[in-house]
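Scroll down for the structure; my scribbles are underneath it.
The values are calculated or read from the model by the stated rules, or taken from the named source; none is laboratory data. Values in this document were obtained by computation on a predicted structure and should not be read as measured data. Heads up, the Cβs are rebuilt from the backbone with ideal geometry, glycines too, and the neighbour counts pull from every protein chain shown. With ligands, DNA and RNA removed, areas are computed over all heavy atoms of the protein, side chains included. Shrake-Rupley method; radii C 1.70, N 1.55, O 1.52, S 1.80 Å.
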Amino acid sequence: AGFLGANIADRLAGEGHLVTVFDNLSRPGVETNLDWLRSRHGGRIGVMEADIRDPAAVEAAVAGAGAVLHLAAQVAVTTSIADPIADFEINARGTLNVLEAVRKRDEPPPVLFASTNKVYGSVLPANAVVPGPYHVEPRDPEQREGCDETTPLDLHSPYGCSKGVADQYVRDYARVYGLRTLVFRMSCLYGPLQQGNEDQGWVAHFALSALRRRPVTLFGDGRQVRDILYVDDAVDAWLAGLGAIDRLQGQVFNLGGGPEQSTSLLELIDRLEALTGHRLVVRFDDWRAGDQRWYVSDIRALAAATGWTPKVGLEEGLTRLVEHLRCRLPDPVPASAVA
C-alpha cells in the first residue's frame, strides 16, 4: 500500500486484474492509499494486513498469486543505522520468505523485486567529482551517462547491505531454482501517493515543505545529484518487465530517470520554488552515512530489453506532483509560522 505499490495496484486493477495488497500498514499514510484504491476499484482490491517477516502469512498470500511484485521493505538508511537487526529481518529475511513461498508452488509465479541504487555504494569518491555552483558531475566524461549494471556492488549502510543481500538472493533463485525473477535497482521516484519525509521520498518532502512554507534541511552541501523518475514511468517499466519475464528472467536492471532527468537538491529546490510560488527556508547539516555525492542511472539496458523509456519530463512531472499535493492540503501554513 506504499507509494509505488499503490500506483502499480491502481494500474493493474484498472486493467481488470484482481490485486492482493499485502502490507502491515506500519508506514504513516499508507492507509490513505489503501482507502483510495478501494474507492476506485472495489472488489478488485483485496487486502491482507500482515508482515513480510511472517513466513506463514507470506505463503498464504502467495498461494493464489499469478505474479508477485515484491516492494515490501524498510526503506530509510537512517532507520537501518538506528535498528540494523529489524532492517535485516524485513529486507533480507523477508525477501527470503517471499522466494521460499514462491518456490513451494507447483507452478511458481514470477517475482519482480525492488532493489536500490544503494547497492552500488558511493559510486564515485569525492576526488572523482567536479563541484560546480549548483551541482557536481563526474570528472571523467564517460561516466556521465550514469552507472550501468556492471558497476561493482559496494554495499554501504545496513540498508545497503540488507537490500544487497535480497537483490542477490532474488537473482540467485533464478539461477539455482529456475524461478522467473527480475530485479530493478531503483533510483529516486516521485509522484502522487508518495508520503514524503526527511528520510525517504525527498522530492515529495521538498514539495510539501514548499506548499506548507516549512523549512527543509539539506544534509551535505545540496549539490549532490540524483536522477529522478515519475511514478507512471516506473509503473510502465515494471509492467514491461512482467510482460517479458520469460525472456528476462534472472536479469537485473537499473531503473531511474537517467541523465536527462538528473538534478541536484539545490536545483530541485529552485524548480519547486518557481512552481509553488513559495521560497523555501533551507538549512544545512552534516553529510549522512551512506549518502552518495552523485548517482545517475544508466537505463539503456532496460530500454534495449523492453523498449521502455521515460515519457514524463522533469518539469511536467514536478508540476503534476505539486498540483496533486496542493489539491490534498489544507491552506498552507502562514509564512510567519516558519521557525
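The single residue among 282, 296 that is within 21 Å of residue 145 (Cα to Cα) and not charged (D, E, K, R) turns out to be 296.
Scanning the range 18-41 for residues that are among the β-branched types (Val, Ile, Thr) and open to solvent by 50 Å² or more (accessible area, probe 1.4 Å), we see that the one that is nearest to residue 242 (Cα to Cα) is 20.
Filtered by the rule that a residue be closer than 15 Å to residue 203 by Cβ and not aliphatic (A, V, I, L, M), the range 271-296 gives 271, 273, 276, 295.
Here is a yes/no grid of residues against (1) without any contact (Cβ under 8 Å) to a residue 60 or more places away in the chain; (2) crowded, with 19+ Cβ neighbours inside 10 Å:
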{"site": "144", "(1), (2)": "no, no"}
{"site": "162", "(1), (2)": "no, yes"}
{"site": "165", "(1), (2)": "no, no"}
{"site": "175", "(1), (2)": "no, no"}
{"site": "196", "(1), (2)": "yes, yes"}
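Residue 301 falls short on exactly one of the conditions (1) under 21 Å from residue 150 (Cα atoms); (2) surrounded by 19 or more Cβ atoms within 10 Å (Cβ to Cβ), and that condition is (2).
Exactly one residue out of 180, 171, 175, 185 is within 21 Å of residue 258 (Cα to Cα) and among the basic types (Lys, Arg): that is 185. Looking across the range 59-70, the residues that are surrounded by 20 or more Cβ atoms within 10 Å (Cβ to Cβ) and either of a type in the set (S, T, N, Q) or under 22 Å from the mean Cα position of the chain (by Cα) (or both) come down to 68, 69, 70. Here 229, 275, 242 are screened, and the one residue that is in a helix (DSSP H, G or I), in contact (Cβ under 8 Å) with a residue 40 or more places away in the chain and touching a Pro at 6+ places or on another chain (Cβ under 7 Å) is 242.
Looking only at the range 42-58, which residues are among the charged types (D, E, K, R) and either without any contact (Cβ under 8 Å) to a residue 12 or more places away in the chain or open to solvent by less than 80 Å² (accessible area, probe 1.4 Å) (or both)?
Passing the criteria: 51, 54.
In the range 177-192, what count of residues is obtained for those that are at positive phi and open to solvent by less than 20 Å² (accessible area, probe 1.4 Å)? I'd like the intermediate steps shown before the answer.
As a first pass, look at the range 177-192 and keep what is at positive phi: 178, 191.
With the extra rule that they be open to solvent by less than 20 Å² (accessible area, probe 1.4 Å), the set shrinks to 191.
Looking only at that region, the number is 1.
If you go through the range 276-310 and keep only what is at pLDDT 95 or above and out of contact with any strand residue (DSSP E or B) (no Cβ under 8 Å at 6 or more places or on another chain), you end up with 300, 303, 304, 306, 307, 308, 309.
In the set (1) in contact (Cβ under 8 Å) with a residue 12 or more places away in the chain; (2) surrounded by fewer than 19 Cβ atoms within 10 Å (Cβ to Cβ), the condition left unmet by residue 150 is number (1). Checking 226, 212, 247 one by one, the residue that is more than 12 Å from the chain's Cα centre (by Cα), basic (Lys, Arg), modelled with pLDDT of 95 or more and open to solvent by 30 Å² or more (accessible area, probe 1.4 Å) is 247 and no other.
Sub-8 Å Cβ pairs linking a first residue in the range 79-107 that is within 15 Å of residue 172 (Cβ to Cβ) and touching a residue at least 24 places away in the same chain (Cβ under 8 Å) to a second residue that is among the aromatic types (Phe, Trp, Tyr) and open to solvent by 60 Å² or more (accessible area, probe 1.4 Å), at least 6 apart or interchain, are 92/169; 95/169; 96/169; 99/169; 103/177, ordered by first then second residue.
Scanning the range 39-81 for residues that are more than 19 Å from residue 112 (Cβ to Cβ) and charged (D, E, K, R) turns up 40, 44, 49, 51, 53, 54. Working only within the range 117-137, note down all residues that are farther than 27 Å from residue 85 by Cα and surrounded by 19 or more Cβ atoms within 10 Å (Cβ to Cβ). Within the range 117-137, 124, 129, 135, 136, 137 qualify. Here residue 15 meets the list (1) surrounded by fewer than 16 Cβ atoms within 10 Å (Cβ to Cβ); (2) acidic (Asp, Glu); (3) closer than 29 Å to residue 160 by Cβ almost entirely, failing just condition (3). Of all residues in the range 80-94, those that are open to solvent by less than 60 Å² (accessible area, probe 1.4 Å) and within 19 Å of the chain's Cα centre (by Cα) total 6.
Out of all the residues in the range 95-116, is one or more under 30 Å from residue 293 (Cα atoms) and open to solvent by 20 Å² or more (accessible area, probe 1.4 Å)?
no
Looking at residue 31, is it acidic (Asp, Glu) and either at pLDDT below 95 or more than 20 Å from residue 89 (Cβ to Cβ) (or both)? Answer is yes for this residue.
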